[in-house]
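Okay, structure first, notes after.
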Amino acid sequence: SNADGSYTRHAYSKEFFQAVDVIKGFMQELGMEITTDAAGNVLGVLPGNKPELKHIIMGSHLDTVEKGGLYDGAYGVTGALAALFALKEKNIKLDHTVEVYGFNGEEDALGGTFGSRAVTGLIARDNKLLNEGIQAYGHTVEEILACKRELKDAKCYLELHIEQGERLDEKKINIGVVSGIVGIVRYKVVAHGTSNHAGSTQMFRRKDALVGMSKLIVKGNELCKKIDPDMVFTVGTITCAPGAKNVIPGRVECCFEMRHLEKVKTDALIEAIKAAAPEIPDCDFTFEPEMYAPGVLCDPKIMDTLQTVAKTNNLSYVVMPSGAGHDAESMAHHIPIGMIFVPSKDGFSHCKEEWTADSDLQNGVKIMSGALELLDK
């Protein structure tokens, strides 16, 4: 932990592997077979009574953002293990073999969800980030590609996570049953104006790219709220050229990011923004697609199972999408997934203020252990 109360465990760092060692200790207590791979992932396998049955996989990530919180990622790994301890205390041994992953690099390292993408074969050999970055961690591209498994022996994947938003905490709801993980669309948007002297160019003569971009950002914000309140629109980067205090900006570049479970909604937003752009007189705009990560849906049967367990435990719940990305997204390309959210106090995450009450953490474990029992049948 850091002096200010935050936590930092970057991918492949000393602190990350210290966390892996702690997780290995819990896995050993459970009698799990433990392996690690070149992607930095740790895997514990608890054999079931019927080895011919497909495996139930659980997990999340052990890395954090710089100065992140206590729970993001790590709760999903320790919570999965806690669910197995809960079954052990009740002398329940499942027929299905159960696996628990502690993934590496879910945050920004090597493109995000690095460990789970390595396991699911979603990293291409010609991936620029991989080729340029993996040697710094003491590995080769070939070693990372070799981490792939077919997952033909897997039944499903479950992930327990803090919500990282305010909905559950604000409405005092115990559990979020995740319906899917939203898609992410990013566009490079450039405002083209005219650079000129800031002191001698009269206001009515200016073609100020920064003023124009500011108006477009405000318009995008308004349109997003109008099209769908569950969609989000973010402009988190901006570059201004020539970048001098006494020169009118002639070129401004931003990244417009939109997130929603349905691509039709993000398509509608970017088209509405494009339609509004010509009405802004300060400059001209160009739009270039930068990234599209499609949304994934959680399995309806697993969602029903999670709701059943919530009802059995007299816990309130709501079905909701995840606005953040998770390792479950990688797994969804191959097997059915389910996700459980527990409240984040005041909606804080990725910061030292990230907090979830012990009772809420325990509720998540109840849902996970109960789901394991039902899915085992």
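Observations on the structure shown:
- Fluctuation leader among 153, 299, 358 - the chain, Gaussian network, Cα springs under 10 angstrom: 358
- When each of 219/352; 54/93; 24/301; 128/148 is checked by Cα-Cα distance, pairs over 23 Å: 219/352; 24/301
- The range 154-239: proportion of alpha-carbon pairs further apart than 22 angstrom, %: 55
- Considering the range 228-377, its Cα convex hull presents a mean projected area of 13.1 nm².
- The chain: most fluctuating residue of 365, 189, 100 per GNM, C-alpha cutoff 10 Å: 189
- Couplings 3J(HN,Hα) for the range 56-73, derived from phi with the Karplus relation 6.51 cos²θ - 1.76 cosθ + 1.60 (θ = phi - 60°), are 9, 10, 10, x, 5, 10, 9, 8, 10, 6, 4, 6, x, x, 6, 9, 4, x Hz, where x marks Gly and Pro.
- The protection proxy used here, the mean number of other Cβ atoms lying within 10 Å of each residue, ranks peptides 29-36, 257-264 as follows, highest first: 257-264, 29-36.
- Contour minus Cα-Cα distance for residue 228 and residue 179 (0.36 nm per residue): 16.0 nm
- For the chain, accessible area per residue (1.4 Å probe, heavy atoms of protein chains only), Å²: 47
- Amide H contacts of residue 247 (H built 1.01 Å from N, in plane; Pro and chain starts excluded): 198 sit under 5 Å, all sequence-distant by 5 or more or on other chains.
- Sites matching trypsin sites (Lys or Arg not before Pro) across the range 140-221 that sit in DSSP coil, with at most 10 neighbouring C-beta atoms within 10 Å: 152, 172
- Per-residue HN-Hα couplings for the range 44-54 [Karplus 6.51, -1.76, 1.60; θ = phi - 60°; Hz; x = Gly/Pro]: x, 10, 10, x, x, 5, 10, x, 6, 6, 5
- Fraction of antiparallel bridges per DSSP, the chain only, in percent to nearest 5: 65
- HN-Hα J in Hz across the range 139-149 - Karplus 6.51, -1.76, 1.60, θ = phi - 60°, x for Gly and Pro: 10, 10, 4, 4, 5, 6, 4, 6, 6, 4, 10
- Rg and Dmax [Cα atoms of the chain; Å; Rg one decimal, Dmax integer]: 23.3, 82
- Local electrostatic count at residue 6 - Lys and Arg +1, Asp and Glu -1, tallied over other residues with Cβ under 12 Å: -2
- For residue 162, nonlocal amide neighbours, meaning residues 5 or more places apart or on other chains whose placed amide H falls under 5 Å from its own, are 73, 342.
- In this label model, residue 358 and residue 235 are separated by 4.7 nm, measuring between points 7 Å along each Cα→Cβ vector.
- Each Lys and Arg Cβ is given +1 and each Asp and Glu Cβ -1; about its Cα centre, the range 238-339 then shows a dipole of about 320 debye.
- Sequence-distant residues sharing a close amide H with residue 232 (under 5 Å, placed H): 259
- Percent RCO, i.e. relative contact order, over the chain, from Cα pairs under 8 Å lying at least 6 residues apart: 23
- Unit charges on C-beta of K, R, D, E only; dipole of the range 172-282, Debye: 260
- Neighbourhood net charge (15 Å Cβ-Cβ; Lys/Arg +1, Asp/Glu -1) for residue 321: -4
- Residue of 119, 182, 218 that the Gaussian network model of the chain assigns the largest fluctuation, springs spanning Cα pairs under 10 Å: 218
The values are calculated or read from the model by the stated rules, or taken from the named source; none is laboratory data. Computed from a prediction, not measured in an experiment: that's the story for all the values here. Virtual Cβ from ideal backbone geometry, glycine too; neighbours counted across all protein chains shown. Note: accessible area is taken over every heavy atom of the protein model, side chains too, but ligands, DNA and RNA are not part of it. Shrake-Rupley method; radii C 1.70, N 1.55, O 1.52, S 1.80 Å.
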